[in-house]
Amino acid sequence: MSKQRTVRLECGKPTQVIYVLGTELNIDIYKPSPPGSQTFEVRSSPGVKCSISDQHNVSIVAEHATRWALNKGTLIVVTMDKTSNGLNESKVTVTFYGDKLESPIDKMIIQLTAVSISLDVDADRDGKIETNNPNKGSWSWGPNGHGAVLLVNCDKDRLDTTAPDNSDEAVTIFEDLGDMSPMILRTEGPNSLPSGYKLQLYISASDKEKVRVFRHDLIKMTNVLDRKKLSVVMDYTKGNNKYHFFAEGLIFPDEGINNLVTINLSLLEPLTVGEAPIFTEKVVFRLAPWIMTPNTLAPEEVFVCSVKNNEKFLKEFTAVVEKAKCKLTICSEYVNRNDRWIQDEIELGYTEAPHKYFPVVLDSPRDRGLSKFPYQKLLGPDFGHVTRTSDEVNSLDSFGNLEVSPPVTVKGKKYPMGRIIIGSAFPTTSDGRNMSKVVRDFLYAQKVQSPIELFSDWLAVGHVDEFMTFVPAPDRKGFRLLLVSPDACCKLFMKLQQEGHGEAQMFQGLMRKLVTINEILSNQKLLEDNAYVQQCIDWNRDILKMELGLDEDDIIDIPVLFELHKTYQAAEAFFPDLVNMIVLGKHLGIPKPFGPLINGKCPLESAVRSALEPLGLDCNFIDDFAAYHLLSGEVHCGSNVRRKSFALKWWNMEM
């Protein structure tokens, strides 16, 4: 719909008007008409279109000098479709007549100078800025949607600072512009214009914490809009011009934040005192979300820590990474300060706009030995950083308690980027542990990976990666959900016992008391512990089936036993937790369970191979017993993976 502007005319003298293409001038000719007026004529210059609207709202195009009856409420609507070559070169003349039809009473003249003003962004999201897209002032999802994307500038292009670029109020390195969303202000018109006209760019107070805008001149960048400056006014210059601006996203979506950002433009006309806006338009951006990557996306870089007693683990772990042909980054003791749990400290994801993509590390509020790692080793050019902090932090705030499913469809609703999964306390528990509200709010606010909350507080550590993971598969939904199953483990051991292997011993070769299958199956306390654990798993199984749209054939039970800690009655893995694995394409790095050897083979490993190898997966068992398992963690807890992004662009989702 065209922008409308009311113009008041007077008889006896011309009124000079700057006309902006795309607007409508509404002129009431009844009120200022001279006394005795009964009819009128309208004449206009070539290129000026006029229509007449009476009180019955009937519009008639006045192409020729036709006589019209003057009624109360009669309006002339004026439009133009080309810019003027000179000042006041077009005009509309309204001539009034009384009883004497051939003798005019008076005239009203409007002299028009047509200009074009357009604030432009990448509204169709193809990576290019088009001119005056009709949908630039709103935002909608989907492949046929519209509206620009505001990239959060959370990487660090300058090497002489420790903070992300969006914390800096200036642009000191031009590489930083690539991380911002470009915006062009275009003006076209004659080379002669009245003085005093100005252009105003402004944002609302509600958007000041979300965006900063820079103007790019030939040799410098000027900060024109931010939390301290909500408006900037520039002289309107003659002729054809382009003003280049760059909008910088300051924050990711979060609780209580409207994820849309509006930047407004007005043309100001000089008055006796001050100025008045005679033309206004807006462009709308949406803050780009932070996106997690599931195990089904291809790995690009693997992270692991070097600590005092994990040399053997590192050797076996490195062999799996080399199989997967991934880059391996080893965090040294100097950086990790003997904190080996790199999965718990960070979660690796990304952010994206049509013109730019880069990975972003979500830094947990855990902040133990690895707290400096994200800043020292990850934050840099085209590698962003975001964090949430809390005064009250517990184990569930570590990011072993943060996973994401592959893409799923649930009751017809598509989640093409999967669903975030976090562990919480049992719903009826008032004193259980939960992930900090600031982190949960952040995850929910991203919108594109609608979170699911599971029950993980039954575990001593309390992380969802202790009882579940996803692996790629060539059929069905493209993946399988792996769940730990004490029941499957007990049945396996009972079968082995019935086959005469009851005295086969677990933990051979380790500095730990050996345990036979018979001892395990006769340990009533251990069996009761695992019956409880199985109930907890089944609770989560039902939630996952419902929230991810899974069938039983989409789930694989992995044999694992747990025992409840004697003091605080929470579960810990009895032997290395086979589900707590690293997934690198088809190559899996799985904790070696040290099960009972039967004919030189571990039946636990064989059970896993039988379940996963038919899916084309390569099972590699890594000894993490001393370096990780005895410290209440496994392979996944001690590693992290940066993966490729989704092929689907988040703004093309149907929401």
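All of the numbers you see were taken from the coordinates with simple rules; none came from a lab. Predicted model, so just to flag it, every value in this text is computed and none were measured. Glycine gets a Cβ as well: all are built from the backbone with ideal geometry, and neighbour counts include every protein chain shown.
What residues have an amide H closer than 5 Å to that of Val515, excluding those fewer than 5 places away on the same chain, when H is modeled at 1.01 Å from N in the peptide plane?
Sorted by chain and number, the residues that satisfy this are Met506.
Beyond a 22 Å Cα-Cα separation, which of these cross-linked pairs lie in this structure: Lys49/Lys136; Lys525/Lys545; Lys156/Lys356?
On the way: Lys49/Lys136 26 Å; Lys525/Lys545 30 Å; Lys156/Lys356 15 Å.
Beyond 22 Å: Lys49/Lys136; Lys525/Lys545.
What does the charge count around Cys154 come to, taking other residues whose C-beta lies under 9 Å from its C-beta (Lys +1, Arg +1, Asp -1, Glu -1)?
Details: positive: Lys156; negative: Asp155, Asp165, Asp179.
Result for the neighbourhood of Cys154: -2.
Scan around Val360 for amide H atoms under 5 Å from its own, H built in the peptide plane at 1.01 Å from N, and keep only partners 5 or more places away or cross-chain.
Excluding prolines and chain starts, which carry no amide H, the hits are Gly349, Tyr350, Thr351, Gly384.
Quick check on the exposure proxy: order Lys238, Lys136 from fewest to most C-beta atoms within 10 angstrom. Mind showing how you got there, number by number?
Values: Lys238 15, Lys136 25.
Fewest to most other Cβ atoms nearby, the residues stand as Lys238, Lys136.
Can you give the local net charge around His244? Use residues other than it whose beta-carbon is closer than 13 angstrom to its beta-carbon, Lys and Arg +1, Asp and Glu -1. Provide the component values of the computation, followed by the final result.
Values: positive: Arg186, Arg215, Lys220, Lys242; negative: Asp120, Asp217.
Computed value for this residue: +2.
Quick one: what are the phi-derived ³J(HN,Hα) couplings along the range 89-105, Karplus 6.51/-1.76/1.60 with θ = phi - 60°, whole Hz, x for glycine and proline?
7, 10, 8, 10, 10, 10, 10, 9, 10, x, 5, 7, 5, 9, 10, x, 7
Where does the charge balance sit around Ser364 when Lys and Arg score +1, Asp and Glu -1, over other residues with C-beta under 9 Å from its C-beta?
Values: positive: Arg366, Arg388; negative: Asp344, Glu345, Glu347, Asp363, Asp367, Asp397.
Cβ neighbours under 9 Å give a net charge of -4.
Given labels modelled 7 Å from the Cα in the Cβ direction, how far is it in nm from Ser103 to Asn338?
Here the modelled spin labels are 11.0 nm apart.
Relative contact order, percent, of the range 237-283 when contacts are C-alpha pairs under 8 Å separated by at least 6 residues? All intermediate terms of the calculation are to be shown ahead of the outcome.
On the way: 31 pairs, mean separation 12.8, N = 47.
Averaging sequence separation for qualifying contacts and normalising by length gives 27 percent for the range 237-283.
Relative contact order for the chain: what is it in percent, counting Cα pairs under 8 Å that are at least 6 residues apart?
Result for the chain is 11 percent.
Applying the Karplus parametrisation 6.51 cos²θ - 1.76 cosθ + 1.60 with θ = phi - 60° to the phi angles of the range 522-533, what ³J(HN,Hα) value in whole Hz is obtained for each residue in order, glycine and proline being reported as x?
These are the phi-based 3J(HN,Hα) values: 9, 8, 4, 4, 5, 5, 5, 4, 6, 5, 5, 4 Hz.
Quick one: which residues, 5 or more positions from Arg419 or on another chain, have an amide H under 5 Å from its amide H? H modelled 1.01 Å from N in the peptide plane, none for Pro or chain starts.
Ser405
Mean separation of Cα pairs under 8 Å and 6+ residues apart, divided by the residue count of the range 291-652: what relative contact order is that in percent?
On the way: 764 pairs, mean separation 75.2, N = 362.
Normalised by residue count, the contact order of the range 291-652 is 21 percent.
I need the phi-derived Karplus couplings for the range 235-249: 6.51 cos²θ - 1.76 cosθ + 1.60, θ = phi - 60°, integer Hz, Gly and Pro marked x.
Along the range 235-249, the couplings run 5, 7, 9, 6, x, 9, 9, 10, 10, 9, 10, 9, 9, 10, x Hz.
Exceeding 26 Å between C-alpha atoms, which entries from my cross-link table qualify? They are Lys377/Lys644; Lys210/Lys282; Lys282/Lys413.
Details: Lys377/Lys644 19 Å; Lys210/Lys282 16 Å; Lys282/Lys413 33 Å.
Listed pairs above 26 Å: Lys282/Lys413.
If you restrict to DSSP beta bridges whose two residues both lie in the chain, what percentage is antiparallel, to the nearest 5? Walk me through the numbers on the way to the answer.
Numbers: 110 of 150 bridges.
Rounded to the nearest five, the antiparallel share is 75 percent.
Taking every DSSP beta bridge that has both residues in the range 496-642, what percent is antiparallel when rounded to the nearest 5?
Numbers: 9 of 14 bridges.
Restricted to the range 496-642, the bridges split so that about 65 percent are antiparallel.
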